[in-house]
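Structure record follows, encoded as structure tokens.
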Amino acid sequence: MGKILLFYKYVNVEQPEATQAWFKELCGNLGLTGRIILAHEGINGTVGGSDESAAQFIEAMNAHPLFFGMDIKDAPGDEKYFPRMRIVVKNEIVHLGIDPKELTVENTGTHLTPAQAHELLNSKPENLVIIDTRNNYEARVGTIPGSMIPDKRYFREFPEYIDEHLDELKDKQVLMFCSGGIRCERASAYVKEKGVSQEVYQIEGGIHRYIEQFPDGHFKGTYYVFDGRIGVKVSDDILTNCDICSIPCDFYVNCMNGRCNKQFIACPECIEKHQECCSTTCKELVETEAVPVRKKPVIAVEERFKLLEAQQ
Ligand SMILES: [Zn+2]
Ligand SMILES: [Zn+2]
């Protein structure tokens, strides 16, 4: 098995389109898959490939005038963990829905190393508020218990959530976290800008770096990831239930009905019974060929069970 690399950097990219072409050639040559978002404000990416390709990619980044010195995280995986390579140019490298000129990372919250964040969580000051800035379906399977969890499907709904909850942040020490750290960079700037909290912190490198250093720390359950693995078990705690039969379970599956495409939680028995569909209705539609059948996931369900077993 090779590697999945995760990285971001806020840096002034003068010509994102030219940079996009450069990345297309590089990733094509190295046989990488995944997704890279470029904007004038920087880069955000996840790629998968062989160990050798991953090493060459890191080398190319460190030799690049803009992207040298990026914190590049890795996880087990390879080019089969993503359906294709997508390199796109957007206005923001994470879609918060606020113009990067209006909200920059200049005013970002104080970075705490995983060890400092762990210390803060251990000492639990009375005025500490933790915010899980990830989406509701991510936090559903794993989080730091006691966190405020915005019930939102998209990150762009985050500012509205904060506006509605300012009272709860008043005079508080706010500790924010996301998966790799990138979402907190501008989200923490947004909270700081409101001027109500005593301090605004973010976990440097997000949950990814935190659980690397503190696998038995404050994060409980499954860490949701945006590659073929979907979930990585961190602790034995199961925070939610099968959407079909309600037994404790936190395993995500994508409905095989191509028109439904719902990502839902299902236990092994329900996966089998409904043949990877979210409901009896979807199962019947697929069986009678009344709808297009979804392409098999990049990592088959059986493979993912094996990966989880191997992890334990
Ligand atoms: Zn079930
Ligand atoms: Zn369905």
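Packing-based ranking of 303-310, 205-212 yields 205-212, 303-310, ordered from highest to lowest mean Cβ neighbour count within 10 Å. Pick from Lys273, Lys73, Lys220: which residue has the top mean-square fluctuation in a GNM of the chain where Cα pairs under 10 Å get a spring? Of the options given, Lys273 has the highest mean-square fluctuation. Multiplying the residue separation of Gln275 and Gln116 by 0.36 nm and removing their Cα-Cα distance gives an extension gain of 52.7 nm. Restricting the calculation to Cα atoms, the chain shows an Rg/Rh of 0.97 when the hydrodynamic-style radius is the Kirkwood one.
Say R0 is 30 Å: what FRET efficiency, to the nearest 0.05, do Met1 and Phe214 get from their beta-carbon distance?
Working from the Cβ atoms, E equals 0.80.
Here are some pairs, Lys24/Lys233; Lys80/Lys124; Lys3/Lys194; Lys9/Lys80; which of them have Cα atoms lying more than 30 Å apart in this structure? Lys24/Lys233; Lys80/Lys124; Lys3/Lys194, as the Cα separations exceed 30 Å there.
Mind checking the full-extension length gain between Thr288 and Asp51? Use 0.36 nm per residue of separation minus the Cα-Cα distance, one decimal, nm. List each step's numbers first, then the result.
Numbers: separation 237, 0.36 × 237 = 85.32 nm, distance 4.31 nm.
Full extension of this stretch gives 81.0 nm more.
Oblate is the label for the range 55-94, because the ratio a/c of its alpha-carbon gyration tensor axes (a ≥ b ≥ c) is 1.5 or higher and a/b is not greater than b/c.
With the simple spin-label model, which puts each label point 7 Å out from Cα in the Cβ direction, the Glu160 to Ser123 separation comes to 3.8 nm.
A compact globular protein would have a Cα radius of gyration near 2.2 N^0.38 Å; the ratio found for the range 107-201 is 0.98.
If you take the Cα centroid of the range 1-80 and the Cα centroid of the range 166-226, the two points sit 24 Å apart.
Residues in the range 240-311 average 58 Å² of solvent-accessible surface per residue, probe 1.4 Å, ligands and nucleic acids excluded.
In the range 78-178, what chymotrypsin sites (Phe, Trp or Tyr not before Pro) fall in a loop by DSSP, with at most 13 other Cβ atoms inside 10 Å? Write down the numbers at each step before the final one.
Details: sites: Tyr81, Tyr137, Tyr154, Phe155, Tyr161, Phe177; in loops: Tyr154.
The qualifying sites are Tyr154.
Calculated on the Cα set of the range 240-311, radius of gyration then Dmax: 12.0, 39 Å.
At a 10 angstrom cut-off on C-beta neighbours, averaged per residue, how do the peptides 125-135, 93-103 rank from highest to lowest? Please report the intermediate quantities before stating the final value.
Numbers: 125-135: 19.1, 93-103: 15.8.
The most tightly packed comes first, giving 125-135, 93-103.
What full-extension length gain, to one decimal in nm, is calculated for Lys306 and Asn136 as 0.36 nm per residue of separation minus the Cα-Cα distance?
58.6 nm
The share of accessible area on the range 50-108 that comes from carbon and sulfur is 51 percent, using a 1.4 angstrom probe.
The values are calculated or read from the model by the stated rules, or taken from the named source; none is laboratory data. Computed from a predicted model, the values in this text were never measured in an experiment. Cβ: placed from backbone, ideal geometry, glycine included. Neighbour counts: every protein chain shown. Surface areas here come from the heavy atoms of the whole protein model, side chains and all, with no ligands, DNA or RNA. Shrake-Rupley method; radii C 1.70, N 1.55, O 1.52, S 1.80 Å.
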